[in-house]
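Everything on this sheet refers to the single structure shown next.
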Amino acid sequence: MPMPPPLRHLLPLLLAAAAASTAAAFVLEEATVESIHRAFAGGELTSRGLVELYLRRIASLDPALHAVVEIDAAGALAAADRADAARLELDGAALPPLHGIPVLIKDNIAAAGDGSGRLNATAGSLALVGSRPARDAGVVERLRRAGAVVLGTASLSEWCNFRAPGIPAGWSPRAGQGINPYVPSATPCASSSGSAIAAAANMVAVTIGTETDGSIMCPSSFNSVVGIKPTVGLTSRAGVIIISPRMDTIGTVSDAVHVLEAMVGYDPRDAEATRMASRYIPKGGYGQFLNIDGLRGKRVGILRKDFFRFAPGSIQEKVFRDHFNTMR
């Protein structure tokens, strides 16, 4: 018997409301790639629902933190729908770790997509607004192939901190001054600050940064997130505004191993750097080295002078000592 017209219209609304309720129940704070995939598998969450949660969080927090330059909401939702459809079609089959996972990329990395949702890649500068890239950067191509959903671009120090001496870390005319979400009066530190701020404030699951000299490691440290600066050549710089071909590399600021595995490899557009480095990618990937007992038996050296030397009795000294004892 055919469904009456009013019910035909009501059913999609009910399904949409149920999906929104399910997504709203998911705990976004400190969510990891693994916890997101558990929620996908358990029917608690869809990729579209996750994108919508992050869009709402960005709208709520970014006016104060200035971590995001541009958002491609339509493109991200369309990519999330494709990810959800693929998950249903495969019905429980193994998918790449980044499948359906939203990601923010630093504003010096090209993201053209299919051409309809091109994001500017401006290195934070007003001078490059409107110069939309013709194709994705090499690392963005790899992220999309791994199923990642490109949500938008993260802020940075203008021209990757090479604008001029004395410019505040995390400032650009496109996004304003990036703010450390834990201590607003503290520096967010170095060029990839927006990527670190967004990860720390749970505005997105995964962020991508670039580093010449400290631009991933410093903001990761100051904003209390995990960052990896890969060896130069492990990741392609094609389609990326860089400073030094000998030093620049594209890395990750959150859920680092999954993202690193998706990005590494040979790229003919950056052949000189990636050809040799690709020989050293371990067979079976980097995840095999994630060992819960990995610190057992290890000796850790601490560089005190200029790095971990604090005023006696200071809160920094106490916090560092507590963390060091926990590690021990």
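Here are the numbers for the structure shown:
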read-out: Reach of residue 305 by Cα under 17 Å, taken over aspartates and glutamates that are not fewer than 8 positions away in the same chain; value: 317
read-out: Among beta bridges that DSSP assigns inside the chain, antiparallel share in %, nearest 5; value: 60 percent
read-out: Semi-axis lengths (Å, descending) of the ellipsoid that matches the C-alpha gyration tensor of the range 32-132; value: 28, 16, 11
read-out: Mean shadow area of the range 169-313, taken as a quarter of the surface of its Cα convex hull (nm²); value: 11.3 nm²
read-out: Top of 182, 266, 280 by mean-square fluctuation, Gaussian network on the chain, Cα under 10 Å; value: 280
read-out: Cα convex hull volume per residue for the range 169-230 (Å³); value: 77 Å³
read-out: Within straight-line cross-link reach of residue 283, lysines at Cα separation under 26 Å, skipping those fewer than 8 residues along the same chain; value: 229, 298
read-out: Overall Cα dimensions of the range 33-294, principal axis frame, Å, largest first; value: 54, 44, 44
read-out: Neighbour-limited loop hits for trypsin sites (Lys or Arg not before Pro), the range 162-260 (at most 16 other Cβ within 10 Å; DSSP other than H, G, I, E, B); value: 163, 246
read-out: The chain - mean residue ellipticity at 222 nm from DSSP helices (-39,500 (n - 2.57) per run, n ≥ 4, rounded to 500); value: -11000 deg cm²/dmol
read-out: For peptides 226-236, 32-42, 283-293, sequence by mean Cβ density within 10 Å, most packed first; value: 226-236, 32-42, 283-293
read-out: Relative contact order [Cα under 8 Å, 6+ residues apart], the chain, whole percent; value: 14 percent
read-out: GNM result for the chain, Cα springs below 10 Å: residue of 165, 173, 96 fluctuating most strongly; value: 165
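The numbers here are math on the coordinates, done by the rules we state, and not lab data. It should be emphasised that the depicted structure is a prediction, and the values quoted were computed from it without experimental measurement. We place every Cβ from the backbone using ideal geometry, glycine too, and count neighbours over all the protein chains shown.
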